[in-house]
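Below is one structure, written out as structure tokens; comments come after it.
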Amino acid sequence: MISVEDLFTRADGEYVFARWGRPIVPVVFGVDDATLAVFKGAIEAVVTLAAHQMAETDPELGANLMVFFCQDWDELPAVPHLDRLVPDLGPLVARLKAVDANQYRIFRFDEAGAIRAAFVFLRMDDHLGSVGADTLALSQAVQTILLWSDTAFDEVPPLAMIDGKAVLRPEIADVIRAAYDPVMPAMERDASHALRLQARVGRTL
């Protein structure tokens, strides 16, 4: 059984929590209009759950949650100006190819340690291609609303299937709501933070 502390304790044992410190402005590249609408709807639903905000534009980046779809990782270096947003893009692509990854997320942080931007890369291999757009969109929205541990969902995914439809697990929804409580910090590296979160969650994970 996973604990709140486990959700934010990385594989190296370091506790790192962060939430968004500014309104989220999403943009999705490489999909049709229908899929774009599904993604933006999923992001809006999770942002609403967190009682956070969305906006039309980010004053610094224009858009601060960028989702890129591709068929092959080698497509990424050809995206105009992406290397400016993602330093060392070439070595990153090489690493993703080496481990046959189908998704990757990068977060950027402000001076206070809160999330200021996130970049999501999805390579549509056979596995991701078999996942419905609504399920994929909700999964990515959940995994970018907080800086979860790199092992947070290794054993239990954040979504569950009910009557063939993907839904957010109630216990994960509770953690998201608690994490965005205004009295909680936007970033924390002390594991005692997990106890404060657990007290607000009020249920066993």
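A few remarks follow.
- Separation in nanometres of the label points that stand 7 Å from Cα toward Cβ, at D150 and D134: 3.4
- Candidates D174, D190, D12: whichever shows maximal mean-square fluctuation once the chain is modelled as a Gaussian network with Cα springs under 10 Å: D12
- For the set M161, M124, M66, the ranking by accessible area, highest first and with no ligand, DNA or RNA atoms included, is M161, M124, M66 under a 1.4 Å probe.
- Beta bridges from DSSP with both residues in region 1-158: antiparallel share about 45 percent, rounded to the nearest 5.
- Of (1) 11.9; (2) 9.7; (3) 14.9, the label for mean projected area of the Cα convex hull in nm² derived from the coordinates: (1)
- One chain, two ends: A199 and R10. Fully extended at 0.36 nm per residue, the span grows by 65.9 nm beyond their Cα-Cα distance.
- Rolling a 1.4 Å probe across the protein heavy atoms gives the chain an accessible surface of 50 Å² per residue.
- F29 long-range amide H proximity, modeled H, under 5 Å: V67, F68, F69
- Put M184, M54 in order of accessible area, highest first, and with a 1.4 Å probe you get M54, M184.
- Order of exposure, largest accessible area first, which applies to D58, D88, D181, D150 with probe 1.4 Å: D88, D150, D181, D58
- Estimated distance in nm for a label pair at D32 and L82, the labels positioned 7 Å out from Cα along Cα-to-Cβ: 2.2
- C-alpha long axis of helix 170-179 to longest principal axis of the chain, angle in °: 80
- Cα gyration tensor shape of region 74-181, rounded if a/c is under 1.5, else prolate or oblate by comparing a/b with b/c: oblate
- Shown for the chain: the carbon plus sulfur share of the solvent-accessible area, taken with all protein chains present and a 1.4 angstrom probe, equals 52%.
- The chain: angle of helix 133-145 to the longest principal axis, Cα-based, in degrees nearest 10: 60
- Rounded tilt (10° steps) of 33-49 against the dominant C-alpha axis of the chain: 20
The values are calculated or read from the model by the stated rules, or taken from the named source; none is laboratory data. Just so you know, these numbers come straight off a predicted model, no measurement behind them. Note that each Cβ is placed from the backbone with ideal geometry, even for glycine, and that neighbours are counted across all protein chains shown. Only protein heavy atoms, including side chains, enter the accessible area calculation; ligands, DNA and RNA are left aside. Shrake-Rupley method; radii C 1.70, N 1.55, O 1.52, S 1.80 Å.
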